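Before any comments, here is the structure.
The values are calculated or read from the model by the stated rules, or taken from the named source; none is laboratory data. Everything numeric in this text was worked out from a predicted model, so none of it was measured. In this analysis, Cβ positions are derived from the backbone assuming ideal geometry, glycine residues included, and neighbour counts consider all displayed protein chains. For the accessible areas, the whole protein counts, side chains as well, though only heavy atoms, and no ligand, DNA or RNA atoms are used. Shrake-Rupley method; radii C 1.70, N 1.55, O 1.52, S 1.80 Å.
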Amino acid sequence: MKVNLPDDMREIFEEFLVEADEILEELQNDLVELEQNPEDKELLNKIFRGMHTLKGGAGFLGLTSIVELAHRVEDIFNKLRNDELKVTPELMDVVFAAVDKLTEAINMLKENEEIPDLDEIKDLLEKLDAIKEGRLPGESSSNEQSQSGPSQIPEEYKDVVEWILKYPGKTLEEILDELILLPPEERPTEIIEKLDKLISEGKDLKDILPPDLYAKHFGKKEEKKEEQKVEEKKEQTSASTPAPQAASQTTTTALASKTTTAPTSTTSTAPAKKKEEKKKEKKEAEVIRIDVERVETLMNLVGELVLDRNRIVKLVSELEKEFRDHEIIEQLSETVTSMDRTVSDLQVAVMKLRMQPVKRVFSKFPRIVRDLARKLGKKVQLIIEGEDTEIDRSILEKIEEPLIHLVRNALDHGIEPPEERVKKGKPEVGTIRLFAYHEGDHIVIGICDDGRGIDVEKVKEKAIRKGLITPEQAAQMSDKEALELIFMPGFSTKDQASEISGRGVGMDVVMTTVHSFRGTVEIESEPGKGTCIYMKLPLTVAIIRTLMVGINKSIFAIPLHSVVEIVQYDPKAIKGVGKFKSFMLREDVLPLFTLNELFEVPDSKDKEYIIVVRVGERNIAIAVEDLFGEEEIVIKPLGELLKDIPGIAGATITGDGKVVLIVDVNSLVNDIKHKLIGVM
């Protein structure tokens with residue numbers, strides 16, 4: 001259903017979408033937490049308020065289907081707050097379905113300004129109504145028609161009762177408030193006037209509803225209110241000692257004195273402090289919402305500025321050689337040095353604009369774990385750590401899919417069923433830990449479970465059977481290298497594929513995605529104890545420091561974070577291992593490749609240097625012909641035609657105007673992995 005909004009409502013509409021996103025994101029986690037702590041009244045109230053806010057905003061904009069869904073869920077949580085319903089897995093399944101449908105509706109609004117028709121959500125509304133009435137979806141209430149038939153309701157109240165029954169558990173005053181909040185075209189003006197009149201006449205629900213209908217829908221709550229009133233009266237009468245005829249007067253005087261003296265005793269100091277604190281909080285919480293495209297544009301402009309800076313620095317360096325003692329050159333050099341610092345500071349400031357907390361992705365996993373655990377019949381608790389750790393937005397957007405694969409594998413492969421865990425002497429409830437932390441100029445995102453762990457021999461056996469490695473290679477492999485086989489395309493330790501995992505594509509996606517960001521993946525596992533997988537990713541992908549190297553008169557940039565050390569090429573330290581070469585570095589034997597052979601470029605002269613690079617947990621030696629030092633570069637994509645070239649992460653323009661290709665060491669090594677296995 002298309003939503004037609006006048007221009008003057010556009011700003012309110014945009015604000016509603018942002019607020020709705022925030023509410024629904026919080027609700028997902030709050031609902032998972034509620035299922036674990038069903039008696040948490042504060043949490044129940046928070047969820048109720050969230051739904052009420054969502055309903056109010058949608059009602060103001062006339063978004064009928066969102067209002068109806070939110071209203072049903074709100075009613076359910078009102079009953080949960082009043083102990084008229086209990087939290088059960090079945091109830092939560094339907095509530096989660098409603099939240100999913102609300103999220104879908106908000107996404108439809110963002111994309112096409114459409115919302116689902118009421119007919120599309122009819123079944124879901126019926127399920128919510130059934131739960132609200134204390135029935136499981138699909139059950140029918142006995143004698144419902146006879147108990148609530150129109151014949152039992154006085155004629156003058158029939159139309160009012162139809163509306164009252166839509167808000168079970170609420171007083172007339174609360175129902176009146178709800179009707180006033182409805183969109184203008186749906187607001188029942190006549191009913192509002194009648195309710196207002198009934199309230200002003202001092203009537204309540206008992207005066208309008210037949211006894212059986214009242215007892216069914218409202219009795220429990222009203223009984224509680226009556227009990228509270230009786231208790232309050234008892235307290236008031238026991239506290240007052242005057243004669244009966246003067247009691248009411250004394251009570252009124254006491255209340256009047258409370259309302260006049262109590263505030264004046266505190267207004268001189270406390271309110272002033274509170275106002276100051278509120279102002280301070282408001283100032284700290286002030287934020288400006290900026291379109292992502294504007295940030296990207298700013299980032300691109302800063303990137304171009306960095307390239308221009310590099311060019312100017314290079315030109316000034318050349319001028320200094322020619323006119324070393326000239327006064328103007330000295331001033332120019334000082335100005336360029338100052339500009340260099342300013343551009344670096346600007347670059348850092350803009351980079352921070354792109355940084356976002358991993359909480360944006362982590363917050364989705366409590367719900368994912370809850371649903372999968374329920375489907376698999378397992379008991380699992382999810383622990384999240386370091387959710388405030390920040391990372392580049394472009395990485396954050398693409399890391400969600402790999403994390404989902406890792407969580408699904410941990411639940412399906414790792415965590416055992418409750419009965420199996422008990423037999424092993426483990427707690428019945430398994431634990432999955434999702435965490436993030438900074439490590440230098442990188443961020444580490446990891447997932448650990450306390451499940452079965454990975455059997456290394458089984459991994460080797462499966463890899464041999466699938467033809468991924470030979471028995472000879474398997475015999476030479478260390479446990480670490482064998483564990484890395486699970487990231488190869490088509491590999492799975494599961495004998496039968498399920499709808500959750502076992503097809504051998506998930507872990508390959510993890511490795512491919514992480515490598516596309518010049519990151520690394522490491523795995524640790526102990527049979528019977530559990531498995532940990534760590535993804536090490538750069539904080540940003542736009543501007544990096546690199547080492548410039550040369551082969552055959554061409555220059556390549558190697559990201560500096562992967563460079564361990566640089567040594568002189570020494571032919572005496574080169575040893576042959578079959579058709580491969582290795583490099584003896586102190587006591588270590590490193591597989592040796594030349595950049596020429598990796599890129600299939602002919603040699604133009606003898607090798608001068610060896611660059612030791614870190615790939616995962618191993619070091620590899622790469623021989624190059626020339627070395628040109630460090631340079632800060634801006635990564636530029638190669639475009640659609642050249643984007644899939646193995647070993648190339650992008651391109652950049654150097655200070656002297658040359659186009660330089662950036663080496664992706666991880667994908668290069670992946671490309672020759674079958675060769676590496678035999679020599680490591």
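Here are a few things to note about the model shown:
- Of the GluC sites (Glu not before Pro) in the stretch 587-666, those whose Cβ has at most 11 other Cβ within 10 Å and which sit in DSSP loop: GLU587, GLU600, GLU640
- For GLY386, the amide hydrogen comes within under 5 Å of the amide hydrogens of ALA436, counting only partners 5 or more places away or on other chains and with H modelled in the peptide plane.
- Table column - 3J(HN,Hα) (Hz), the stretch 22-37, Karplus curve with 6.51, -1.76, 1.60, x for Gly and Pro: 5, 4, 5, 5, 5, 4, 3, 6, 4, 5, 4, 5, 4, 4, 7, 10
- Student exercise, the stretch 7-117 dipole from Lys, Arg, Asp, Glu Cβ charges, in Debye to nearest 20: 480 debye
- Largest to smallest accessible area among THR520, THR512, THR88 [probe 1.4 Å]: THR512, THR88, THR520
- Computed magnitude of the charge dipole of the stretch 298-448 (debye, nearest 20; Cβ of K, R +1, Cβ of D, E -1): 1540 debye
- Using a probe of 1.4 Å, the accessible surface attributed to MET351 totals some 20 Å² when neighbouring protein chains are kept in position.
- Solvent-accessible area per residue, Å², over the stretch 302-406 with all protein chains present [probe radius 1.4 Å]: 57 Å²
- In order along the stretch 417-426, the Karplus-derived 3J(HN,Hα) couplings, from 6.51 cos²θ - 1.76 cosθ + 1.60 at θ = phi - 60°, round to x, x, 5, 5, 5, 5, 4, 7, x, 9 Hz, and Gly and Pro are given as x.
- Averaging the Cα positions of each part gives two centres, and for the stretch 23-52 and the stretch 76-93 these lie 11 Å apart.
- Phi-based couplings in Hz for the stretch 344-358 (Karplus 6.51, -1.76, 1.60; Gly and Pro marked x): 5, 5, 4, 4, 4, 4, 6, 4, 5, 5, 7, 7, 9, x, 5
- Cα gyration tensor shape for the stretch 516-572, rounded if a/c is under 1.5, else prolate or oblate: oblate
- With all protein chains in place and a 1.4 Å probe, the accessible surface of the stretch 338-433 carries 52 percent carbon and sulfur.
- Accessible surface, per residue, of the stretch 29-133 when the full set of protein chains is kept, probe 1.4 Å, Å²: 40 Å²
- Here's the picture: charge each Lys and Arg Cβ at +1 and each Asp and Glu Cβ at -1 in the stretch 299-409, and of VAL343, SER317, VAL369 the one pushed furthest to the positive end of that dipole is VAL369.
- Each principal axis of the Cα cloud of the stretch 321-461 was evaluated for its coordinate range; sorted largest first, these ranges are 84, 35, 22 Å.
- Prolate/oblate/rounded call for the stretch 1-40, Cα gyration tensor, a/c under 1.5 rounded: prolate
- Accessible surface of PHE593, taken over heavy atoms with a 1.4 Å probe and every protein chain present, rounds to 20 Å².
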